[in-house]
Amino acid sequence: ENIPIHLVTSIPSVETYNNIKNKKYRHTTISERFNNFPLPETKIVNLNIWIKNNTELDINICELKKFEIGQSNPTFLMKTDNKNFVIRTRPKGELLKGAHRIDREHKVMCALENSKIPVPKTYGYCEDIEIIGTEFYIMDFLDGNHEFDPFLAHYEVEQKKQLYKQKI
């Protein structure tokens, strides 16, 4: 039979929000429950509002898309009305103490911002897991090649030398 399945959450994740926006999921609001049980308390926190209240950015998010390459910390491209950014998040669930410390990653990048070491500009770190379901920080998106093969098999020797020199 054609029975709808409802996945219920009071605070959707970035991925769920993106899937609703891209019409992969259908968003339904429940107005009452079986046997008149009370609805759970919900707190809807808008990422756009958090950004406006906690960063210097004046943007509106148009799209969030997860990068497919293998970061251990889920990373999203955040397209906005005027510029692209990256959101780095901590994986959800129970983690080993000290693992996936994006707070430390954010702190190091902030410390390097005015040094000779090139890092993207960061715009804010959020430890409140109620905003998107996990800790996160926002930084500039820097366009470039995404290489999966560390041996750079598609490059000539001279091209590889130039690439490696740029990284030093």
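For the reader, a short list of remarks on this structure follows.
- Scan the range 92-118 for residues that are assigned to a helix (DSSP H, G or I) and open to solvent by 60 Å² or more (accessible area, probe 1.4 Å) and the total you get is 4.
- Residue within the range 143-152 that is among the hydrophobic types (A, V, I, L, M, F, W, C), without any contact (Cβ under 8 Å) to a residue 40 or more places away in the chain and open to solvent by less than 90 Å² (accessible area, probe 1.4 Å) present: yes
- Which listed residue is at pLDDT 90 or above, over 30 Å from ASN48 (Cα atoms) and not aliphatic (A, V, I, L, M), from GLU113, GLU158: GLU158
- Close pairs (6 angstrom Cβ cut-off, 6 or more residues apart or separate chains): touching a residue at least 12 places away in the same chain (Cβ under 8 Å) and in a loop (DSSP other than H, G, I, E, B) in the range 122-135, aromatic (Phe, Trp, Tyr) and open to solvent by 10 Å² or more (accessible area, probe 1.4 Å) anywhere: ILE131/TRP50
- Hits in the range 153-165 (condition: open to solvent by less than 100 Å² (accessible area, probe 1.4 Å) and either out of contact with any helix residue (DSSP H, G or I) (no Cβ under 9 Å at 6 or more places or on another chain) or closer than 30 Å to TYR123 by Cβ (or both)): ALA153, VAL157, GLN159, LYS160, LEU163
- Among (1) among the hydrophobic types (A, V, I, L, M, F, W, C); (2) closer than 24 Å to ASN18 by Cα; (3) out of contact with any Ser or Thr (no Cβ under 7 Å at 6 or more places or on another chain) - the single one MET139 does not satisfy: (3)
- Assessment of the range 119-142 against the conditions (surrounded by fewer than 13 Cβ atoms within 10 Å (Cβ to Cβ) and more than 20 Å from the chain's Cα centre (by Cα)) yields no matching residue.
- Residue in the range 34-47 that is within 24 Å of ILE102 (Cα to Cα), open to solvent by less than 100 Å² (accessible area, probe 1.4 Å) and modelled with pLDDT of 65 or more present: yes
- Hey, ILE59 farther than 30 Å from ASP149 by Cβ, surrounded by 14 or more Cβ atoms within 10 Å (Cβ to Cβ) and either modelled with pLDDT of 90 or more or of a type in the set (A, V, I, L, M) (or both) or not: yes
- Within the range 72-126, the set of residues being more than 19 Å from LEU142 (Cβ to Cβ) and touching a helix residue (DSSP H, G or I) at 6+ places or on another chain (Cβ under 8 Å) comprises ARG90, CYS126.
- Hey, PRO74 touching a residue at least 12 places away in the same chain (Cβ under 8 Å) and either surrounded by fewer than 17 Cβ atoms within 10 Å (Cβ to Cβ) or among the aromatic types (Phe, Trp, Tyr) (or both) or not: no
The values are calculated or read from the model by the stated rules, or taken from the named source; none is laboratory data. Keep in mind that what you see is a predicted model, and the values were worked out from it rather than measured. Backbone-built Cβ (ideal geometry, glycine too); neighbour counts: all protein chains shown. Surface areas here come from the heavy atoms of the whole protein model, side chains and all, with no ligands, DNA or RNA. Shrake-Rupley method; radii C 1.70, N 1.55, O 1.52, S 1.80 Å.
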